[in-house]
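Coordinate-derived values only; no laboratory data. A quick note: this is a predicted structure, and the numbers were derived from the prediction, not measured. Positions of Cβ are generated from backbone atoms using ideal geometry, with glycine treated the same way; all protein chains shown enter the neighbour counts.
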Amino acid sequence: MQRRFSYPVILIRQLVITDFKLRYQGSVLGYAWSLLRPLLLFLILYIVFVKFLKIGTSVPHFPIYLLLGIVIWNFFYEMTVQNLGSIMARGDLIRKVRIPRWTIIIATSISALINLCLNLLVVALFMLTNHVILLNTIVYLPLVILEVYILALGLSFFLSAAFVKYRDVSYIWEVIMQAGFYLTPILYPLSRITDLTFQKILMLNPMAQAIQDARYATITHQSATTATVFGGGWYKLIPFITVIVVLFAGIWFFKSQSKFFAENI
Amino acid sequence: MPDEVVISVANIGKVFKLPHEKTSSVKSLVVNFYRRKRTYEIQQALQDVSFEIKKGEFFGIVGRNGSGKSTLLKILAGIYRPTEGNVQTKGKIVPFIELGVGFNPELTGRDNVFLNGALLGFSNKEMKTMYHDIVEFAELEKFMDQRLKNYSSGMEVRLAFSLAIRAKADILLIDEVLAVGDADFQRKCFNYFNQLRGSDTTVVFVSHDMGAIREYCDRALLIEDSKILAIGSTDEVTEKYLRLFMKDEKIKPTKANGEQNRWGDYSLKIKSVDIKVEPNNISIKQVVEAHKSMPSPVIGFRIREASGKDLMGTNTKIENKKLPDLKRGQEATVIWKMPNLLADGDYTLDPSVLHADELTVADWWNEAATFTVKKNRHLPYRIDPGFDIDVVIKGS
């Protein structure tokens, strides 16, 4: 009985290891790409938005502020997109071995989480070189990341199960992610949106709330958060409620669909 | 508890819904979308299947292609969910639907061993202690740091098998695993089964090889058209299975290779053929009727095993027994007697009548009769002449 309990743990561990070994298979720089990708993206955005367009001069340490947002968004993007196809990709296993299906999702999400940690290392490095004063609110950062993780997990469960049935899901999700990237104040400070109503609507998005909270906690208290935009009232709880609802809806959908994975793949 | 039931299947049924998806043009896609009509083909893969398997039993599942036996195995494995009814199992189940599931060609042999070990439920630590034995058994010591894609298929199967036999399962589900691999590999598989016999492991075994089913299984189940046709002793079930083919072939003569079951100019016709099988002797009685006059015809027969492979045969010319000329309406009876050298199994008899030139066929009748040899000796070979054994031991 004790064995059965640990089976998912053994499996997840090995799936994560495999994932890592396969990820940069055949590339010269290997794991260094995990760090290089966000760095290069940051460089491009920095040149375009800070140097050319001169956005965010009002925000202190804007380049790092930008980087943190991108890193968190990237984590969210990677985790959902990789999980979306993960059940299909492991179709061979699902059709021929009995493994708990959810372990596949968890394994992929842990891979993404490890990647995030590497990226946060880059952020920390920049913070150090830019002499960002360490705020004591930084202890809340793990909580914000947990929130993003839970949101991405709920979506992952939903998307991976839906993808088994409808292949359109991957295209639809790609479009949603494109839109989401611009509807979330990642590249621009929220203050650039002059219409307060739009600001409020935007900040109801859990990703916007999470990214702004992360910036608030880590870099500067000047960044607007959902709480500051709404002032008070229960509205500021909407993003959190959304995250919880998405998680449970995702798990429920995944559970109801997973019985038929073997025959639908 | 030797009589403990470990697998209990109650009235299960499985229906597959296969959607008709032919949206070949954008127009039909749009039309289909608006009609919101998706047509399904309902495929009943299993119907009202119930049985029980006891602990330590070797249980065979046989059936023709498409009869539903693999679906049943997948339901037992928990991969498919039955549409109705339920399955109860006790203990850890390890299915071998295929050898080497989850092998990744991009990973090295070593990494694959650990990944596959995890799928079987072994932790990294446990795998490390077993690793050496696994590699040694597969005889692949030199190749473990190479990627799997550079392995030959034989090497891959060896590695997969070496891993598979480590599985500590209470119930093993095996689907035609034995069908792959060469003779040496199959021998290894059989050795493994023999090892399992003594243990408490329950084995469910899907196969087309009636010899293996007879040899290894205690009981068997025959599925035909998604229903249980027979369940019971292996002899009974395998016999029914083979009869399934006989029956079928008589209804629609096999036209494979443009061949019919019976052909010839019928100037001479086989009237009857009887075969009597005794433990030590076989006798065949052929009665031939002449429809036309025919100078010294040649009468013969051939015996084949159920799979269709030729085993033996002869005719009157080979045996230097010249038959007299036959006139219209005359009957000739030929009785063959031979020692029964056949091993246990099912066989078919193909009697024939040829013209004197031994080329022109008067009447050739494939599978005119079938017979079973049962000496209750489980021999994995086709010839069983009976053996006398002398053993001499020398030295101090």
Practice task
Count the lysine pairs in chain A whose Cα atoms lie under 24 Å apart, taking only pairs 8 or more positions apart in sequence or on different chains.
Solution key: 7
Exercise for the section: Would you mind calculating the relative contact order of the range B:52-247 from Cα pairs under 8 angstrom and at least 6 residues apart, reporting the percent as a whole number? Expected result: 36
Practice task
Take the alpha carbon gyration tensor of the range A:1-68, find the square roots of its eigenvalues, order them as a ≥ b ≥ c, and report rounded if a/c is under 1.5; if not, report prolate when a/b exceeds b/c, else oblate.
Solution key: oblate
Fill in the blank from the handout: Mean separation of Cα contacts under 8 Å (at least 6 apart) over the residue count of the range B:256-396, i.e. the relative contact order in percent, is 29
Completion exercise
Once amide hydrogens are built 1.01 Å from N within the peptide plane, the residues lying 5 or more places from residue A:59 or on another chain with amide H under 5 Å from its amide H are none
Exercise for the section: Based on the mean of other Cβ atoms within 10 Å per residue, sort peptides B:52-58, A:80-86, B:151-157 so the most packed one is first. Expected result: A:80-86, B:52-58, B:151-157
Fill in the blank from the handout: Note: A:86-93 gets an average of partner chain Cβ contacts (10 Å, Cβ to Cβ) equal to 1
Practice task
Mind pulling the angle between the C-alpha long axis of helix A:168-183 and the longest principal axis of chain A? Nearest 10 degrees, somewhere in 0 to 90.
Solution key: 20
Completion exercise
In nanometres, the difference between 0.36 nm per residue of separation and the alpha-carbon distance of residue B:125 and residue B:3 is 40.4 nm
Practice task
For peptide A:188-195, compute the average count of partner chain beta-carbon atoms within 10 Å of each residue's beta-carbon.
Solution key: 0
Handout entry: For the range A:10-58 and the range A:238-265, distance of Cα centres in Å
Key = 28
Exercise for the section: Based on the mean of other Cβ atoms within 10 Å per residue, sort peptides A:119-126, A:151-158 so the most packed one is first. Expected result: A:151-158, A:119-126
Practice task
Would you mind telling me the antiparallel percentage of the DSSP bridges in the protein assembly as shown, rounded to 5?
Solution key: 80
Practice task
Before anything else, pin down the relative contact order of the range A:26-264: Cα pairs under 8 Å, at least 6 apart, normalised by residue count, whole percent.
Solution key: 29
Fill in the blank from the handout: Kirkwood Rh over alpha-carbon pairs of the range A:1-124 plugged into Stokes-Einstein at 25 °C, 0.890 mPa s gives a D in µm²/s of 148
Fill in the blank from the handout: Counting only residues 5 or more apart in sequence or on a different chain, those whose built amide H sits under 5 Å from that of residue B:296 are B:325, B:326
Practice task
Hey, could you get me the Stokes-Einstein D for the range B:52-247, Kirkwood radius over alpha-carbon pairs, 10 °C and 1.306 mPa s, rounded to whole µm² s⁻¹?
Solution key: 89
Handout entry: Cut-off under 5 Å, modelled amide H: who pairs with residue B:54 long-range
Key = B:6
Practice task
Just name one of A:143, A:133, B:207: the one whose Cα is farthest towards the positive end of the charge dipole of the protein assembly as shown (beta-carbon charges, Lys/Arg +1, Asp/Glu -1).
Solution key: A:133
Fill in the blank from the handout: What helix-only [θ] at 222 nm does chain A give? Using -39500 (n - 2.57) per DSSP H run of at least 4, over all residues, to the nearest 500, the answer is -23000 deg cm²/dmol
Completion exercise
Helix-only [θ] at 222 nm, chain B, -39500 (n - 2.57) per DSSP H run of 4+, per residue, nearest 500, equals -7500 deg cm²/dmol
Exercise for the section: Pairs to check: B:69/B:240; B:14/B:74; B:14/B:90; B:285/B:317. Give those whose C-alpha atoms are more than 20 Å from each other in this structure. Expected result: B:14/B:90
Practice task
Assuming R0 = 60 Å, can you tell me the calculated FRET efficiency for the pair residue A:31 and residue B:229, based on Cβ-Cβ distance, to the nearest 0.05?
Solution key: 0.55
Exercise for the section: Determine the shielding of peptide B:114-124 by partner chains: average, over its residues, the number of Cβ atoms on other chains within 10 angstrom of each Cβ. Expected result: 6
Practice task
Output the antiparallel fraction of DSSP beta bridges having both residues in the range B:52-247, as a percent to the nearest 5.
Solution key: 30
Problem - Low-density loop cleavage sites - trypsin sites (Lys or Arg not before Pro) in the range A:163-265, where at most 14 other Cβ are within 10 Å (DSSP) - result: A:167, A:259
Exercise for the section: Rank by packing, highest mean first: peptides B:350-363, B:271-284, B:320-333, with packing defined as the count of other Cβ atoms within 10 Å averaged across residues. Expected result: B:350-363, B:271-284, B:320-333
Handout entry: In the range B:75-149, GluC sites (Glu not before Pro) in a DSSP loop with at most 12 other beta-carbon atoms within 10 Å
Key = B:139
Practice task
Consider just the alpha-carbon atoms of chain A and return their Rg together with their Dmax, both in angstrom.
Solution key: 19.6, 63
